[in-house]
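Below you'll find the structure, written out as structure tokens, and then a few comments.
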Protein chains: 2
Amino acid sequence: MPSQAHNLARAAIFNKAGEFKDNFEVYDIALGDLPADRILVENMLSSVNPSDMLRSIGIYPVPVSNIDFDVVATTSPEKSNKVNGNIVGLEGVSRVVKIGSNVKGAINGDIAVGDWVIPFDFHSYGSWSTHAVLDPMNTMVIKNTNGLTADDIVSARINGLTGYRMLKDIIELKPGDYIIQNGANSGAGQYIIQFAHLSGYKTINVIRDRGNFEQISSMLRYLGADIIIKDTELESETTKKLISELSGPLKLGFNCIGGKSADNIANLLCHGGTMVTYGAMTFDPITSTAPQYIFNDLRLRGYWMNNYFNNNPSSEWVKSYDAIFDLMRSGKIKSQHNNYIDMFEVNDGRKSLLELEKFKAKLVKAVESKEKVALRFIK
Amino acid sequence: MPSQAHNLARAAIFNKAGEFKDNFEVYDIALGDLPADRILVENMLSSVNPSDMLRSIGIYPVPVSNIDFDVVATTSPEKSNKVNGNIVGLEGVSRVVKIGSNVKGAINGDIAVGDWVIPFDFHSYGSWSTHAVLDPMNTMVIKNTNGLTADDIVSARINGLTGYRMLKDIIELKPGDYIIQNGANSGAGQYIIQFAHLSGYKTINVIRDRGNFEQISSMLRYLGADIIIKDTELESETTKKLISELSGPLKLGFNCIGGKSADNIANLLCHGGTMVTYGAMTFDPITSTAPQYIFNDLRLRGYWMNNYFNNNPSSEWVKSYDAIFDLMRSGKIKSQHNNYIDMFEVNDGRKSLLELEKFKAKLVKAVESKEKVALRFIK
């Protein structure tokens, strides 16, 4: 396939059921001729999210469209010239390299080679790949990149929007109201702190009692966190006293951990308070009692960004992103802290993509990381 | 106190902490001169509710105003001419026997001797008593008793209103939508079935798999129940298939049981469904998982009639009761089934109140009853 050699992608593809770190292989795939209604992009940055793991083990309820990819080379022991599957990765920011002859534009306007885009459809082509073939009507184009980095955009796609929308979509808050969240140093947690601070809401932030507690506390305070509590102190008398003496009602809780941590947060909310579960660092269930529900008028619910996408026209998504990007441009909101994993090497000033086995090893490292990491394909 | 001998009451008074059946004694109390701003009522029917037990063991969060009552006779081993406490009982229907000289009226209009009233304030004078001294501004008068029995009124006060309001206040329902409830033969459950049926909502009713299953099923079907399921079959494949084939979405669940029963109901709801906890026949906690909250957009909350009273003016309460009573008058709503416990004896055609010890024995029987019972003071 010499004529399409320039349309190659190195991609992680799901090819069997099982634990996340074992159920993908890396393939060099030939992308073939670009269909007239598609665009070819190179991925700049791609997130490594808990949802990737959930999709891998089969409990992330988004449709997956397995397709046949033409294999040029692979890390898979089963050598074959076809692989049926889909590319891993649910979040990324990409740059357009080729445009099909019949492309009309992205969801929010014209599209040109060199534009940065946010892909929304990951059914077949995920973000853990050097390149992807996308339906432009499932991408948003960022025409004005002034003051924005790819890092801003990739983390705004899910975590930024989640933090932004959760403060608007759950309950009405007033300046002076309090919010409590566990996993406060998560990506969404960092955005929640900042958006809350901008709106005059106060945040109580629960983080793990680990060696880097002071360092993470400082980072969160820098973002605007009002109060920081160690997870080990959530049930203490000191915490109960602190909560009882707040200057405003503790109306809203965000839970991305589960189990005892979630139960404790629900217990601290004011009468009529709401706790939102948007993640599950542990898979421990969330437990509350009838008196909490009845007498304290407790409300528990979930939040999933996909529901926002499903229930709102794309013009609304664009408005939300524009609002977030404007706040980033003006410096009012910082993008979340990511540790980057480079998928390329630089030797003698020349950049080259990691070889297949090294590429896979880096992805396994990313999956196993305890820190928030993202993949960098382009320097 | 010969001059006030006619203002005596036989009443169950809380006088020590402990298990419900042991922590009240029966007293004959002298009510003394009626204050100018109060009314004297005789209680006709009084409910025996789970909330009485919750208040007794100290987890029902309503203020209690202990006052000193003048004791004439008592079942208490500690004989004394005063007892400090409050009269048991949070629901009843009463008849006015005397009106203070300075009384202006009830919350909804003029009040006269012989009127039936619903008392709302049970801080000191509860309903487990032959008589009570009430603030008329905490009572609602039923001027038009045409087509109404005391039984209609006593069960409408809490359970009727709970069923009525829960269908209006939680989420918006459309005809054809489905509701599922456990404890469907409870008082509120019976009203939920009827109000739902009137509005065109369909009900799935879970009841215990006991000897009287067929009898209770028939009663619920008579009230308008669409589907009846045994609690032992809630997790079965048959039930899952049944739910998957419903003609409308299963949007709303009502839980008055707790534990596994509640968890199962939450599991059966449609995407975005809401489960409301309004009671706790077991005190087992309610447990849900992050995927239920996030991917199924599950919402859990409580409902407590007291919040409705606290958050709405009494004119709104009156409107709700009038609507319910009109439906009862027209025969569209039947009052819940109660087993009555007579607090009097009839010998040779002459009615007389049960003696102190027998009076207490009947109350203990009422507390221990597994069926829904109410106290009848007046034939």
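The values are calculated or read from the model by the stated rules, or taken from the named source; none is laboratory data. In this text, all values refer to a predicted model and were calculated from it rather than measured experimentally. When we count neighbours, we look across all protein chains shown, and the Cβ atoms used for this are built from the backbone with ideal geometry, even at glycine. Keep in mind that these areas ignore ligands, DNA and RNA; they rest on the heavy atoms of the full protein, side chains included. Shrake-Rupley method; radii C 1.70, N 1.55, O 1.52, S 1.80 Å.
Of note:
- Considering the stretch B:124-183, and only residues there that are outside any strand (DSSP E or B) and of a type in the set (Phe, Trp, Tyr), the residue that is surrounded by the most Cβ atoms within 10 Å (Cβ to Cβ) turns out to be B:128.
- Where residue A:168 falls short, out of the listed (1) more than 21 Å from residue A:307 (Cα to Cα); (2) without any contact (Cβ under 8 Å) to a residue 12 or more places away in the chain: (1)
- Of all residue pairs spaced 6 or more apart or on separate chains, those with beta-carbon atoms under 9 Å, a first member in the stretch A:49-68 that is away from chain B (no Cβ under 11 Å) and at pLDDT 85 or above and a second member that is part of a strand (DSSP E or B) and open to solvent by 70 Å² or more (accessible area, probe 1.4 Å) are A:66/A:84; A:67/A:84; A:68/A:82; A:68/A:84.
- Complete set of residues in the stretch B:210-229 that are part of a helix (DSSP H, G or I) and in contact (Cβ under 8 Å) with a residue 24 or more places away in the chain: B:216, B:219, B:220, B:223
- Residue within the stretch A:304-311 that is in contact (Cβ under 8 Å) with a residue 60 or more places away in the chain, within 27 Å of residue A:224 (Cβ to Cβ) and not charged (D, E, K, R) present: yes
- Selection count, the stretch A:13-25, where residues are touching an Asp or Glu at 6+ places or on another chain (Cβ under 7 Å) and either surrounded by fewer than 17 Cβ atoms within 10 Å (Cβ to Cβ) or more than 27 Å from residue A:81 (Cβ to Cβ) (or both): 1
- Segments classed as strands (runs of 3 or more DSSP E), wholly inside the stretch B:271-326, with at least 2 members that are more than 7 Å from chain A (Cβ to nearest Cβ) and open to solvent by less than 20 Å² (accessible area, probe 1.4 Å): B:274-277
- From the options B:10, B:38, residue that is farther than 16 Å from residue B:127 by Cβ, crowded, with 16+ Cβ neighbours inside 10 Å and over 19 Å from the mean Cα position of the chain (by Cα): B:38
Residues are listed down the side, and each one gets a yes or a no for (1) of a type outside the set (Val, Ile, Thr); (2) surrounded by 15 or more Cβ atoms within 10 Å (Cβ to Cβ); (3) assigned to a helix (DSSP H, G or I):
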| residue | (1), (2), (3) |
| --- | --- |
| A:333 | no, yes, no |
| A:337 | yes, yes, no |
| A:340 | yes, no, no |
| A:352 | yes, no, no |
| A:359 | yes, yes, yes |
| A:363 | yes, yes, yes |
| A:375 | yes, yes, no |
| A:379 | yes, no, no |
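- Any pair with Cβ under 6 angstrom, 6 or more apart, that starts in the stretch B:312-331 at a residue that is more than 20 Å from residue B:198 (Cβ to Cβ) and ends at one that is not polar (S, T, N, Q): B:314/B:107
- Of the residues making up the stretch A:41-61, those that are closer than 27 Å to residue A:141 by Cα and either outside any strand (DSSP E or B) or open to solvent by less than 20 Å² (accessible area, probe 1.4 Å) (or both) number 14.
- Output for the stretch B:72-102, where each listed residue is surrounded by fewer than 19 Cβ atoms within 10 Å (Cβ to Cβ) and touching a Lys or Arg at 6+ places or on another chain (Cβ under 6 Å): B:75, B:100
- Filter result (among the hydroxyl-bearing types (Ser, Thr, Tyr) and within 16 Å of the chain's Cα centre (by Cα)) within the stretch B:321-373: B:321, B:335, B:340, B:369
- Residues (over 24 Å from the mean Cα position of the chain (by Cα) and of a type in the set (D, E, K, R)) located in the stretch B:83-135: B:98, B:104, B:110
- Verdict on residue B:28 being in contact with a Lys or Arg (Cβ under 8 Å, 6 or more places away or on another chain) and surrounded by fewer than 21 Cβ atoms within 10 Å (Cβ to Cβ): yes
- Of all residues in the stretch A:271-282, one or more are at pLDDT 95 or above and under 16 Å from the mean Cα position of the chain (by Cα).
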